[in-house]
1. If only one of 281, 307 is assigned to a helix (DSSP H, G or I), modelled with pLDDT under 90 and among the basic types (Lys, Arg), which one is it?
2. From the list 303, 297, 254, 319, exactly one residue is surrounded by 16 or more Cβ atoms within 10 Å (Cβ to Cβ), of a type in the set (Ser, Thr, Tyr) and closer than 27 Å to residue 435 by Cα. Which is it?
3. Can you work out which of the residues in region 316-352 that are hydroxyl-bearing (Ser, Thr, Tyr) and in a helix (DSSP H, G or I) is farthest from residue 371 (Cα to Cα)?
4. If you scan region 97-133, which residues turn out to be crowded, with 23+ Cβ neighbours inside 10 Å and under 18 Å from residue 68 (Cβ atoms)?
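The values are calculated or read from the model by the stated rules, or taken from the named source; none is laboratory data. Small disclaimer: the values here were computed from a predicted structure and weren't measured. Here the Cβ is made from the backbone with ideal geometry for all residues, glycine too, and neighbour counts use every protein chain on show.
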Amino acid sequence: MQVPCASVLYLNWRDEFESSAKDTAVVMSVMGCLSLFCCLPGGVLTKRYGCRFSGMLGGALCSLGFLCGHWASNLVYLYIAAAILGIGAGLVYNSTMVAVAQHFKKHYKAANSVAYAGFGTGSMAAPPVVQLLLGSFGWRGAMLVTSAFAANMVPLCAFFRPPDPLDRSRLEPGPSGDELHHRRGAEEDVPSLGEDGVSDAGKECSVSLTAQDGNNDSERTGRSYFPHIMREGRITRMCQGAVTGLGLDTLLKSYRFTLLCIVEFEITLAYMAFVQFAIPRAEGIGVEPSSAAFLLSIAGIGSLLGRLGNGLMLVSRMSVECVAGLCVVTAGASIFLMNVDSYASLAVASFTQGFTCGALFTIGNVLVRRYVGLRSFPICIGLYNAFAGGIGSLLGPFIAGWLLDLTSSYEIVFYFMGGVYLATAPQFLLFPLLKRVEPGVDTTTSAPDLGTHPGL
């Protein structure tokens with residue numbers, strides 16, 4: 001909901017604070033990128049405390065962000081409010097996606113589509129509601145009322161049911177290779193007892209003492225290296241734990257997941273720029289503000305249908321990657337209609353953008369789960385949204401605003417976005433090739449052996 005709100009209120013903020021298009025677009029960049037960047041810490045928080053806690057915390061932050069925006073006196077305060085709102089949205093997003101993945105195994109594609117349809121419904125309903133509030137109470141009053149709407153996420157997230165203990169173990173990492181090696185080494189170091197009940201280490205003690213008498217100096221010299229070696233080993237284990245905990249090692253194990261992150265970055269960059277400037281483009285050709293805001297509702301309708309209909313598209317004989325590639329080509333071709341000075345063309349382009357990108361964002365979750373498995377899903381979905389969608393959301397509106405300030409032409413902006421889409425489409429042909437050469441990630445979803453699971 002925060003993205004349609006920012007797009008509807010964009011011109012009001014620009015007039016209120018007398019700022020440039022680039023500076024005003026940073027509000028949406030901060031909001032969009034943090035909502036995706038915070039999916040990564042949201043994944044860590046969800047894995048540690050569960051979907052219920054992280055979702056309720058995110059809902060409270062979303063409400064607080066809108067409330068802070070109500071009191072903003074300049075763009076800097078609006079940036080801070082957008083940051084709070086984006087952090088909360090990221091926590092809510094990650095907790096909802098993980099909750100669906102935890103409770104639906106057999107029909108996950110359909111369940112994911114229905115859950116993602118909520119985003120399309122919000123995109124469809126938010127623009128006219130915010131436009132109505134804007135006309136009645138001004139942009140500050142609109143943000144105040146929207147803060148009350150966002151507060152409803154707190155009790156809704158309280159209904160998240162924790163997974164069963166057996167299912168929870170699928171999301172908990174098993175012992176790492178270093179831990180297993182340490183355990184085996186500890187078992188091997190246990191001294192064995194001889195026939196007389198005295199350990200072999202005890203028998204060797206007297207021999208070692210006599211040998212050590214003549215080598216005290218060398219022993220002291222060698223012993224001084226042990227703390228240094230232990231410190232290096234401890235730092236190495238800490239770094240390895242941080243890399244594993246953030247899911248960065250998955251980028252080296254699954255090349256398809258790495259390419260998927262790159263593709264997501266490019267798609268998000270173009271789509272967020274479209275959302276930012278769809279309404280200003282319509283008002284630039286003389287469309288009424290209420291009708292211009294309805295373009296995002298049309299995009300929301302398309303997004304809703306795309307999120308629901310992608311399940312039917314995935315049932316076809318075409319691969320998931322092929323369906324996604326066709327959606328990107330369609331999005332790239334339709335964005336050029338935004339340069340036609342006709343409301344009908346703008347409406348068709350908005351619907352197509354919503355439909356294709358809604359399907360793409362939903363398909364992305366399915367591909368992440370396929371490439372990394374359920375065990376790594378909470379962290380990897382956060383990594384996917386943080387470093388792929390987050391950077392795209394940050395740079396998309398900013399680059400589009402910079403192009404608009406530089407050229408004073410919306411046509412250049414939309415030509416640029418179409419070029420990004422069309423350059424992304426051929427990359428989907430690389431997924432089958434990467435599958436053959438990548439090391440791969442263990443994507444089994446069965447619970448680990450309870451005898452070796454830590455803590456059991």
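1. Details: 281 fails: modelled with pLDDT under 90.
Going through 281, 307 in turn, just one is assigned to a helix (DSSP H, G or I), modelled with pLDDT under 90 and among the basic types (Lys, Arg): 307.
2. Details: 303 fails: closer than 27 Å to residue 435 by Cα; 297 fails: closer than 27 Å to residue 435 by Cα; 319 fails: surrounded by 16 or more Cβ atoms within 10 Å (Cβ to Cβ).
Answer to the check: 254.
3. Initially, region 316-352 is screened for residues hydroxyl-bearing (Ser, Thr, Tyr), giving 316, 319, 330, 334, 342-343, 345, 350, 352.
Filter once more, so that each one left must be in a helix (DSSP H, G or I): 330, 334, 343, 345, 350, 352.
Numbers: 330: 25, 334: 30, 343: 41, 345: 38, 350: 31, 352: 28 Å.
Selected residue: 343.
4. The answer is 130, and nothing else.
One line per residue, one yes/no per condition, for (1) farther than 26 Å from residue 24 by Cα; (2) in contact with a His (Cβ under 7 Å, 6 or more places away or on another chain); (3) not polar (S, T, N, Q):
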residue: 261; (1), (2), (3): yes, no, yes
residue: 276; (1), (2), (3): no, no, no
residue: 279; (1), (2), (3): no, no, yes
residue: 282; (1), (2), (3): no, no, yes
residue: 339; (1), (2), (3): no, no, no
residue: 350; (1), (2), (3): no, no, no
residue: 358; (1), (2), (3): no, no, yes
